[in-house]
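So the structure is just underneath, and the comments pick up after that.
All of the numbers you see were taken from the coordinates with simple rules; none came from a lab. This is a predicted model, so every value here is computed, not measured. Note: ideal-geometry Cβ built from the backbone for every residue, glycine included; neighbour counts use all protein chains shown.
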Amino acid sequence: MNKTFLGTIAAQLVTLPLEELQNSIVVLPNKRAKLFLLKELKKHTNATFFAPQIISIENLIESIAGLRTIDAIELLFEFYNVYLDLVEQTSAQDFESFSNWAKTLLQDFNEIDRYLLDPNDLFEYLYEIERIKHWTPNLEKQTTLIENQLIFWKKLPDYYQALQSHLEEKNLGYSGLIYKKAVQNCTAFIANIETEKYIFAGFNALNKAEEILIQKLIESNHATIYWDIDKTFLEDDFHDAGYFIRKIQKTWQVYSKKPFNWIVDEFSKEKNIEIIGTPKSIGQAKIVGSIVENILKESPNLDQTAIVLGEEKLVIPILHALPKEVANLNITMGYSSKNNPVQILIHKLFKLHCNAQARNAKQSVFYYKELLEILNNPLLTPIINGTKIIQAIHASNSTFITATKLEDWFKRFNGDAQQDIFQLLFLNWTNSTGEILAKLQQLLLRLKESLSSANEQDKITRAFVFSVYTIIQKITNYYQKYQRIESLEALFSLYKQVIDQAEVSFEGEPLIGLQIMGILESRTLDFENVIITSLNEGKLPAGKATQSFIPYDVKIEKGLPTYKEKDAIFTYHFYRLLQRAKNIYLLYNTYSEGLDAGEKSRFLTQLEIEKQPLHHLKTTYYNAYLPDKVSAPMEIIKTNAILERLKEIATDKGFSPSSLTNYLRNPIQFYYQRILGIKEADEVEESIAVNTLGTIIHEVLEKMYHPFEGTNKQVHTSDVDIMIQNIETITLEKFSEVYKEGDIKKGKNLIAFEVAKRNVYNFLQQEKSHIENGDELFILSLEQPHETIIEHPSLPFSVKIAGKVDRIELRNKTVRIIDYKTGKVAANSLKINTFEGLTLDLAHDKIIQLLCYALMYSNNPLVEGCLLEVGIISFKNMKAGFMPFGFGKGRGVVAETQISNEILDNFKEELVYLINEILNKELSFKEK
């Protein structure tokens, strides 16, 4: 490839006399470039010599200032100590409330110092702006909220001065303070320089402090600076890639005497640029994998290939998408803990216990959904038999689960083997902050022990565990030093603030193979093949949102950077990556998620509009394959095994009336449930489901009428009165049996409980009214199984029809087969004019069920002189009472409700037709 920027620097260095080279100090924008510069130095000479010292700009500034950079969270604690000394004890905020605004204020302090502004002047300006905003002619009528806000703005100078004095006493400083102090010490620092020569290389955007320091070093002949800017960007007054360097070229007086190095002409050279649009992040990852695979076909060496990620969350998908031929790779960027599975586990643990404490301060009571999120975590499930514990939670239908009950399940499925993990996860989180932090450290060590050092996937997980462990250790140190975290909620809040800094560092070879990095890590580096992802507005460049108390117009007036300068920084880095590259692949998301996710970056549009003559620009769109149909109905061919299973069902267990109507509703569902035997998984019902409510009502009525079943004992009004008195007790009992440990004391469940009682009460009141009007009632059977064998010439073998019937009664010389329905059923839906096609229409599902019951009961000898009817009692249509099946339909037609042999024979013919369809080898199961 063309000569790289660091290669040019190395070539310049090796021309220096040996003594001057050894006294040189190369200052780079970041530490990463040091290794690449040393690599270039090796290429440019075979001689043995001491390499020059190579440092980052932060290292230089710290050495000039004489202060150590303070950690962001430690700074927050130190600021809180300062804050408490400045406010009255009665009005002081707790650490959690304080940290919400202090982080933003510290960022502003940082900017003020880096740009060497007069803080008192700026704070006075901001205070006056706030006074104008809340101006009122009557000061006595100002609200407390406005008064407190004005007090906050008035105290800003005090916060600033006190914090700086506090930090300087400890030889500590945040970035801005260190820069300001370095400028103050600059003259003395230069005076003490002996033979050292500073070489600044690869800089672009400089803050005011950096500009002053570098200019003074250059003017005193103790430094030189080498820029990396292409003339295409520098000579275009409107191109943001040259925004900062154009300004420096015009304003630095040193360039009236000295040459401006270096201006290159690389961007206009021949390049292959492909702009690729594809939906979703995973689509980008897949395409990156295929691009790398194509590069490997041209050359097995990927040293000159870099993947630059606009979004760090793409790291893991891209690692999975890379071809297995990639032998060496190095991930420079840290992977954020937001997507770290270990961090997610700790976050959910905090949430579980914070909510449990809010619910019950004395006893840990966990909400089942929050508990399932922890038990389902892939790190924990294999260790603690999580699947079985989850099944137990579903089976018990427990919405809220005590720690004691959870411990019983742990012991049942794990014995005493995992009691240590149970203790760490769920017990004694109401103790002191120090004990909770100790628990978390022990838990992370326990997770680490469960991971294999040989498994590649476990190696990545171990890196995740280590990053979170480091953060917990850091919080522990802060807690021991400052003692400011007084509650679990405050600890959780601090954890959420700190965890953003817990980036996972991956092991790799920094100088060999494929490089995966963020845009800022690419500074000063050049590659022949460059792949950049997530080139969407809001990603590259970033959006306009900034956290600051300083208004935009004030920043403009005072010379502070705004989002415009931020855009110019990213523009420079983007175009610098393209500057010396030959093959460039630029990927963006075409899918519209939110306001701007599908809008491609302005960088891409700019490349298209300002296309260079030698650039071969191509735009490609990759979309997921869209079939002509969104989905095709599922079809299951009847194999010999399926036919054998059907025969087994038909001759052994039998087809139930509900399974036959289920086949009419959807043959695939029939296949899953009856052929494969797949049942719906148990789930916790927070609110009582309709089918659960129906089950409860059925069981309440069964228990009430059970004493009369098959005893020839007539039911009287006094018996019904006793039943009515027991509605509350029996309904509550059945709720406990069916709904198990679900809570019915409040909300929708309480309403469902009352609805169940009301339905039973209405039924019994109607029963009582009929008996008072002369009905003679005997209960023949309740929820009893019945069956019949159907033999027919067209059937390949005898078929059993079997199932349970809700209730069979003898009422006034008529045997009634009754099916309870909790839903609404109209009497007219139970009448037909013809049996032809009956079993082909799902609208007749209730009739099919009723006539199946009649067919099953037909084996029993009827009480002498009695008729037979089948029908439904609908609890949502109780006024209709018992609604019998009727043959004959239409205006003025009186339907025949008595079940005769002729009706059964006609129905049997239709039923045989349906069964033959189910058993027919040529007819597959097709989804409806």
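Can you work out the base-10 log of I(q)/I(0) for the range 405-469 at q = 0.13, 0.14, 0.16, 0.25 1/Å, using the Debye formula on its C-alpha atoms alone? Values returned for q = 0.13, 0.14, 0.16, 0.25 Å⁻¹ are -0.45, -0.52, -0.65, -1.02. Checking every one of the chymotrypsin sites (Phe, Trp or Tyr not before Pro) in the range 791-850 against DSSP loop status and a limit of 12 other Cβ atoms within 10 Å picks out 797.
Rounded to the nearest 20, the size of the Cβ-charge dipole of the range 611-679 about its Cα centre is 240 debye, with Lys and Arg at +1 and Asp and Glu at -1. Within the range 821-881, the GluC sites (Glu not before Pro) that combine a DSSP coil assignment with at most 15 other C-beta atoms in a 10 angstrom radius are 836, 864. What the phi angles of the range 791-806 give under the Karplus curve with 6.51, -1.76 and 1.60, with θ = phi - 60°, is a coupling list of 10, 7, x, 7, 7, x, 6, 5, 10, 9, 10, 9, x, 8, 10, 4 Hz, glycine and proline written as x. Each peptide among 324-333, 60-69 gets the average number of other Cβ atoms lying within 10 Å of its residues, and from highest to lowest they stand as 60-69, 324-333. Peptides 894-900, 535-541 ordered by packing proxy, namely the average of other Cβ atoms within 10 Å per residue, highest first: 535-541, 894-900. Taken about its Cα centre, the chain carries a charge dipole of roughly 700 debye when the Cβ of each Lys and Arg holds +1 and the Cβ of each Asp and Glu holds -1. When the Cα positions of 116, 134, 77 are compared along the charge dipole of the range 71-173, 134 comes out farthest toward the positive end, with charges on each C-beta of Lys, Arg, Asp and Glu. Sequentially through the range 402-410, phi angles give Karplus couplings (6.51, -1.76, 1.60; θ = phi - 60°) of 6, 4, 5, 5, 4, 5, 4, 5, 4 Hz, Gly and Pro residues having no value and appearing as x. Relative to the longest principal axis of the Cα atoms of the chain, helix 727-738 runs at roughly 60 degrees. Rounded to the nearest 5, what % of DSSP beta bridges with both residues in the chain are antiparallel? Antiparallel bridges make up about 35 percent of those DSSP assigns within the chain.
Remark on residue 56: its backbone amide H falls under 5 Å from those of 28, a criterion applied only to residues 5 or more positions apart or on other chains, H modelled at 1.01 Å from N.
With all projection directions averaged, the alpha carbon convex hull of the chain covers 56.2 nm².
Loop-located trypsin sites (Lys or Arg not before Pro) in the range 168-274 (DSSP state not H, G, I, E or B) with no more than 16 neighbouring Cβ atoms inside 10 Å: 170, 257, 269. Dipole magnitude for the range 833-928: about 500 debye, using +1 per Lys or Arg Cβ and -1 per Asp or Glu Cβ, origin at the Cα centre. The string of couplings for the range 215-221 from the Karplus curve (6.51, -1.76, 1.60, θ = phi - 60°) is 4, 5, 5, 5, 5, 8, 6 Hz, one whole number per residue in order, with x for Gly and Pro.
Select from 353, 310, 322 the residue farthest towards the positive end of the dipole of the range 276-372; place +1 on Cβ of Lys and Arg, -1 on Cβ of Asp and Glu, and compute about the Cα centre. Of the listed residues, the answer is 353. Dipole of the range 547-594 computed with +1 at Lys/Arg Cβ and -1 at Asp/Glu Cβ about the Cα centre; of 579, 591, 560, farthest Cα towards the positive end is 579. Averaged over residues, the count of other Cβ atoms within 10 Å places the peptides 342-349, 706-713, 884-891, 574-581 in the sequence 574-581, 342-349, 884-891, 706-713, highest first.
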